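Enquirer: What follows is a structure written as structure tokens; I'll ask about it next.
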Amino acid sequence: MKLPIVCPSCESALQVSQMKCQHCETTVNGNYELPLYLQLTREEQDFILNFFLSSGSIKEMAKQAGLSYPTMRNKMDDLIGKIETLKNKP
């Protein structure tokens, strides 16, 4: 099951409010932000994973995806921009 990251009603970012231990049933309540990686879409998370598995080679990623290097580089730049925005938000 995919972890929801945006509100289905207003599209605002969701936050974690409860976690539960499956072993002892302890519950922790609060209002916590999702880690930056989990604030990305599944496609963006997969892109990062593929980059890692390609040993950081954009050229190899482009080859595997059947895309040109400049296209893959643009995808990388867009993702970097999004991550910087998320990282710097208050």
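Taken together, the values in this text are just the output of simple stated rules run on the coordinates, not laboratory data. Bear in mind that the values here come from a model prediction, so they are computed numbers and not experimental data. Using ideal geometry, Cβ is built from the backbone for each residue, glycine included, and neighbour counts are taken over all protein chains shown.
Enquirer: Pairs of Cα atoms under 8 Å, at least six residues apart: use those to get the relative contact order of segment 36-88, whole percent.
Expert: Worked out over segment 36-88, it gives 29 percent.
Enquirer: Please state the charge dipole magnitude for the chain, taken about the Cα centre, from unit charges on C-beta atoms (+1 on K and R, -1 on D and E), reported in debye and rounded to the nearest 20.
Expert: Its charge dipole is roughly 160 debye.
Enquirer: Rank Q22, M76, Y32 by how far each Cα sits towards the positive end of the charge dipole of segment 22-90 (+1 on Lys, Arg Cβ; -1 on Asp, Glu Cβ) and give me just the farthest.
Expert: M76
Enquirer: How far, in nm, would the chain grow between M19 and D77 when pulled straight, counting 0.36 nm per residue and subtracting the alpha carbon separation?
Expert: Residue separation times 0.36 nm, minus the Cα-Cα distance, leaves 17.5 nm.
Enquirer: On a 0 to 90 degree scale, rounded to 10, what angle separates helix 42-53 from the longest Cα axis of the chain?
Expert: 60
Enquirer: What base-10 log of the normalised intensity I(q)/I(0) is obtained for the chain from the Debye formula, alpha carbons as equal point scatterers, at q = 0.14, 0.17, 0.22 Å⁻¹?
Expert: So the normalised log intensities work out to -0.67, -0.86, -1.11.
Enquirer: A further question follows. If you fit an axis through the alpha-carbon atoms of helix 69-88 and take the longest principal axis of the Cα set of the chain, what angle between them do you get, 0 to 90°, nearest 10?
Expert: Approximately 30 degrees, to the nearest 10.
Enquirer: Explain nothing, just the number: relative contact order of the chain, from Cα pairs under 8 Å at least 6 residues apart, as a whole percent.
Expert: Value for the chain: 15 percent.
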